[in-house]
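Student: I have a structure here, written as structure tokens, and I will follow up with some questions on it.
Values quoted throughout were computed directly from the atomic coordinates according to the rules given, and no laboratory measurement underlies them. Source: prediction; values computed, not measured. When we count neighbours, we look across all protein chains shown, and the Cβ atoms used for this are built from the backbone with ideal geometry, even at glycine.
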Amino acid sequence: REVATERAVPPPPAPDLPTVSSADRLIFPDSTVTKGDLAAYYAAVAGIMLPWTGGRPVSLVRCPQGRARACFFQKHDAGSFGPHVHQVPIPEKDGSTENYLWVDDAAGLVACVQMGSIEFHGWGARNDALETPDRMVFDLDPDEGLGFAETKKAAEHLKEQLAELGLVSFPLLSGGKGVHVVVPLTPRAEWPAVKDFASRFAQALSAAEPDRFVAQAAKAKRQGRIFIDWLRNQRGSTAIMPYSARARAGAPVAAPVSWTELRTLDTATRWSVTDADDLLARAGSRALAGWGIADQVLPDL
Ligand code: ATP
Ligand code: MN
Ligand code: MN
């Protein structure tokens, strides 16, 4: 009987990707990750990243000279990223209209890297339903000095409180210091209602445990507490996208995990851009089956 070898299945043809200039440039000098490496990372994870990041407005953290030099947050563009990065016109509060960026394929991700991008942040709504969010995010920001153990416990607490309201949620390692608790939504409620829910939920948690949680952004109020950043849930706000690299030491990435796994982890920077193979294998594993998927709407509070 013939034994199937790794060669039995030919690899899919490489998609046409934009050329990356200065591919040898060290953009993570601390971990010898080059611009070419970052482009290869995004090309590799495109299939698991795009269901989350594609088809919605994205903002980019661009660091053209690498993460150790100046970085900036970019929301708008009128075409300088080339044909693989698209624009969606969005009316602003002041009545003007701005072109936001969006991508839908590996070429789009790589084109952003070519322009010096490291991080992808996304809206909580898709291009085809910009006013009705399809996810809510609670970004847990621990005060300096608080460890990952407290952050994990806080995430679990949010999960339980959301479950009491009938909402399923999923943890995302931010690739920085914290954990994001992601609540998928069937797009129905509009931004003001989602923002109102998120705000009241965060305030209720901090009112119940004021020594542990704070729902106000002011750093002075954080002192030994975890800020439940509910402000990601307003029209125009963004949050880091799953599998996005972070412009931080060690080239970490934002990584979906299961609630069970989260208990075993001791850092939000567990995976980095050198872990594409592991991330791909994990994405197809049982632990992450159904991550981020739930057909649910906000209850009345
Ligand atoms: P960490 O776990 O380290 O907190 P994080 O991604 O949650 O990582 P935050 O600073 O808490 O980092 O996130 C703030 C969010 O605000 C980001 O996810 C991003 O989408 C958004 N953001 C970051 N920089 C800007 C900016 N200059 N302008 C507007 N929004 C920004
Ligand atoms: Mn955060
Ligand atoms: Mn935050």
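Student: Using just the alpha carbons, could you tell me how many Å³ per residue the convex hull of the chain encloses?
Tutor: 160
Student: Relative contact order for the chain: what is it in percent, counting Cα pairs under 8 Å that are at least 6 residues apart?
Tutor: It comes to 20 percent, rounded to a whole number.
Student: Treat the count of other C-beta atoms within 10 Å as a stand-in for reagent exposure and order Val182, Val58 from fewest to most.
Tutor: Neighbour counts put them in this order, fewest first: Val182, Val58.
Student: Still on this structure, please answer the following. Could you please rank Leu109, Leu38, placing first whichever residue has the fewest other Cβ atoms within 10 Å of its Cβ?
Tutor: Ascending number of Cβ neighbours within 10 Å: Leu38, Leu109.
Student: Treat segment 53-154 as a sphere of radius equal to its Kirkwood radius over Cα pairs and apply Stokes-Einstein at 10 °C in a medium of 1.306 mPa s; give the translational diffusion coefficient in µm²/s, rounded to a whole number.
Tutor: The calculation lands on 103 µm²/s.
Student: Just report the Cα centroid separation between segment 243-301 and segment 115-152, whole Å.
Tutor: Distance between centres, Cα-based: 12 Å.
Student: Considering only Ala245, Ser258, Phe227, whose Cα is most displaced toward the positive end of the charge dipole of segment 220-266, charges sitting on Cβ of Lys, Arg (+1) and Asp, Glu (-1)?
Tutor: Going by the charge dipole, the pick is Phe227.
Student: Extent of segment 192-239 along each principal axis, from alpha carbon coordinates, in Å, largest to smallest?
Tutor: Computed over the Cα atoms, the extents are 29, 19, 13 Å.
Student: Another question, then. Please give the calculated 222 nm ellipticity per residue for the chain, where each DSSP H segment of at least 4 residues contributes -39500 (n - 2.57) and the sum is spread over every residue; nearest 500 deg cm²/dmol?
Tutor: -8000 deg cm²/dmol, from helical runs alone.
Student: Taking neighbour Cβ counts within 10 Å as the exposure measure, how do Trp123, Trp191 sort from fewest upward?
Tutor: Listing Trp123, Trp191 from fewest to most nearby Cβ atoms yields Trp191, Trp123.
Student: For the chain, modelled as a GNM with alpha-carbon contacts under 10 angstrom, which of Ser244, Ser22, Ser117 fluctuates the most?
Tutor: Evaluated over the chain, the most mobile residue of the options is Ser22.
Student: Another question, if that's okay. Among Ala245, Ala193, Ala268, which one shows the biggest mean-square fluctuation in a GNM of the chain, springs joining Cα atoms closer than 10 Å?
Tutor: Ala193
Student: Highest GNM mean-square fluctuation, the chain, Cα pairs closer than 10 Å: which of Val137, Val253, Val33?
Tutor: Result: Val33 has the largest fluctuation of those listed.
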